[in-house]
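Data block below; observations after.
The values are calculated or read from the model by the stated rules, or taken from the named source; none is laboratory data. Bear in mind the structure is a predicted one, so any value in this text is a computation, not a measurement. Neighbour counts run over all protein chains shown; Cβ positions are idealised from the backbone, glycine included.
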Amino acid sequence: MAQYHDVVVGEMAALAPSGQEGVASSNLQLSETLSVAVMTGLGTAVSAFAASQDWATNAGLGIVFVVTAAAALLGVGAGLRTGVRDVESGATADPQPADQAQTRTSPPVRGSEEA
């Protein structure tokens, strides 16, 4: 998980406008914190509701996992619609979705080199 997080943070910092890396980093931190808090609260509420209705524990947890999977799919769908910005030319956004845009290499993330 930490390796994946380092790649996401490195790519996010590479795509941030010069001098705005801290803003992008704080936005990423806020979104991660809020998503964990919201999904934890929602999962607890669904589990508590299932327990109050005398449902089997598996039913309540199953609903929690379905809601979590749906949120993940919505996130993937939103991510695929995100435009890619060309950092070198200073353009604000590429009108192409990320899956159709040209791929380019990112600078290596510190500490991710293979030993």
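Any idea which of (1) surrounded by 11 or more Cβ atoms within 10 Å (Cβ to Cβ); (2) among the aliphatic types (A, V, I, L, M); (3) under 13 Å from the mean Cα position of the chain (by Cα) is the one A78 doesn't satisfy?
(1)
Under 6 Å by Cβ, and 6 or more places apart or on different chains, what pairs join a residue from region 56-82 that is closer than 25 Å to S31 by Cβ with one that is charged (D, E, K, R) and outside any helix (DSSP H, G or I)?
These pairs meet every condition: L80/D99.
Go through region 48-84 and count every residue that is among the small types (G, A, S) and closer than 18 Å to S35 by Cα.
The qualifying residues number 8.
Check whether at least one residue in region 17-29 is closer than 19 Å to A72 by Cα and exposed (fewer than 12 other Cβ atoms within 10 Å of the Cβ), and report yes or no.
Among the residues of region 17-29, at least one is closer than 19 Å to A72 by Cα and exposed (fewer than 12 other Cβ atoms within 10 Å of the Cβ), which makes the answer yes.
I need every pair where a residue in region 1-24 that is β-branched (V, I, T) has its Cβ under 9 Å from the Cβ of a residue that is modelled with pLDDT of 75 or more and surrounded by 12 or more Cβ atoms within 10 Å (Cβ to Cβ), sequence separation at least 6 or different chains.
V8/L28; V9/S25; V9/L28; V23/A16; V23/P17
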